[in-house]
Amino acid sequence: MTTLVGLDLAGRRVVVVGAGAVGVRRTRRLLEDAARVVLVDPEPSADARRMASHGDVALVERAVRAADLDGAWLVVAATSDPATNAQVAAWSEGAGTWCVNASDGASGSARMAAAGRHGDLAIGVVSTEEPDPRRAAAVRDALVRHVSAGEVDLRRRRPGQGRVVLVGSGPGDPDLLTTGGREALRTADVVVTDRLGATGILDQLPDDVEVVDVGKSPTNHPVPQAEINRILVEHALAGRTVVRYKGGDPYVFGRGGEEVHACRAAGVMVEIVPGITSAFAVPALAGIPVTQRGVATSVLVTSGHAGADPATVEALAAGATVVLLMAVSSLPDICAAALAAGVDADLPVAAIERGSTAHERVTRARLDTAADVMADAGVRPPAIVVMGRVAAEGFLDDEVCATLARPVSPDAADTDD
Ligand code: SAH
């Protein structure tokens, strides 16, 4: 018989014997669950060595001994030798420690579930008889798909503490709302939404989810921030899960920080699900990489509300890309200040309205013509304005890019290490 339990392995010692492909795969999963993994193998694989050199695991490079299992909460026997795995399973049995035997699932005392996750739910499948991992994985996939498809109502049933989840919905295209954001929406009793972002998707929520629109636009009267804070806190204190649904990313000119303060001050639990900010996604969709080796190595994201801010002019003069939000009305001032400071008159400027939506429009100009060109075209908010050489028409065409780029050493590779 098999009893399914959820183990909390965070910070707990797990010994994985065998650092080949199977052991490494299991280790990755255990690390995702924040276990403290010790890998034992006389000849570890290159992957295992890399993990050890990054400090992700402790590596013991010799044949396993019974004493290696001391203090382990869980043991995974994952060598390619069934006899060694059986030995490790027997030692674990003697020590009263759960053991997963990778070469013979039926002989260990525990089985790893084919596991999936949806928000705060772990979804696991194990077979109680002959192990058949692919079959278990297929069932797991079906279950996760079903839950993720939004067919299961994930709102809390048990009355509990209310909370606020700040969710960034991306620039507008529902494909750019993260899976985390979607999951958070499925848990909402109340959604407090902005006008910008992927708001169409809110129609799919169950009828009894309350949707409060506090959307702001330059022409209508916005709900004051203090009132929004009050709405969030009031619902959460009444025990509801409140999703504060915001365009782009909540912390990029989204006043998310102020909402967090208001919640904390009222003793309300608050979480964040970051979103894809329009500052980077909207240029990307218009063929503008905000950085490019040899062309622009830094980027300033700023708000047009600051007007002709000296930092903006300095960044332009230094060759950085400048991404301006909320800058349609202040664009003439910003261009004039940059020109006065000696920034090249032919510096490319692009304005992208309603990026990622069916109404997206890109208008291009130069620094010295941008104010007139944008006004003539009738550019209106919401729009992202990009200034910099990366905003040149056809920048991603090889020839255009080559004429703009300074030579860079191929050895100066970007690395994520
Ligand atoms: N938190 C948001 C920004 C909110 S400020 C984010 O991270 O994207 C509002 C400004 O964002 C708008 O005035 C506009 O400059 C920009 N913006 C948001 N969505 C946009 C879109 N789809 N297309 C163009 N600009 C957008």
(message) Looking only at region 373-392, filter to residues that are within 34 Å of the chain's Cα centre (by Cα) and more than 15 Å from the ligand (Cβ to nearest atom); which one of those is surrounded by the most Cβ atoms within 10 Å (Cβ to Cβ)?
(response) Gly388
(request) Kindly list the number of the only condition in (1) without any contact (Cβ under 8 Å) to a residue 40 or more places away in the chain; (2) within 16 Å of the ligand (Cβ to nearest atom); (3) not in a helix (DSSP H, G or I) that fails for Gly254. (result) (1)
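Of the residues Gly239, Gly287, which single one is in contact with a Pro (Cβ under 8 Å, 6 or more places away or on another chain) and surrounded by fewer than 18 Cβ atoms within 10 Å (Cβ to Cβ)?
Working: Gly287 fails: in contact with a Pro (Cβ under 8 Å, 6 or more places away or on another chain).
Answer to the check: Gly239.
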(request) Select from region 338-373 the residues that are assigned to a loop (DSSP other than H, G, I, E, B) and small (Gly, Ala, Ser) and list them in ascending order. (result) Ala341, Gly342, Ala345, Gly355, Ser356, Ala358
(request) Read through the list (1) within 29 Å of Ala122 (Cα to Cα); (2) touching a Pro at 6+ places or on another chain (Cβ under 8 Å), then give the number of the only condition that Val40 fails. (result) (2)
(message) With the structure loaded, tell me whether Ala350 is assigned by TED's automatic domain parsing to the domain that holds Ala318, surrounded by 21 or more Cβ atoms within 10 Å (Cβ to Cβ) and either within 15 Å of the ligand (Cβ to nearest atom) or not charged (D, E, K, R) (or both) or whether it fails that test.
(response) yes
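The values are calculated or read from the model by the stated rules, or taken from the named source; none is laboratory data. Keep in mind that what you see is a predicted model, and the values were worked out from it rather than measured. Glycine also receives a Cβ, built like all others from the backbone with ideal geometry; neighbour counts cover every protein chain displayed.
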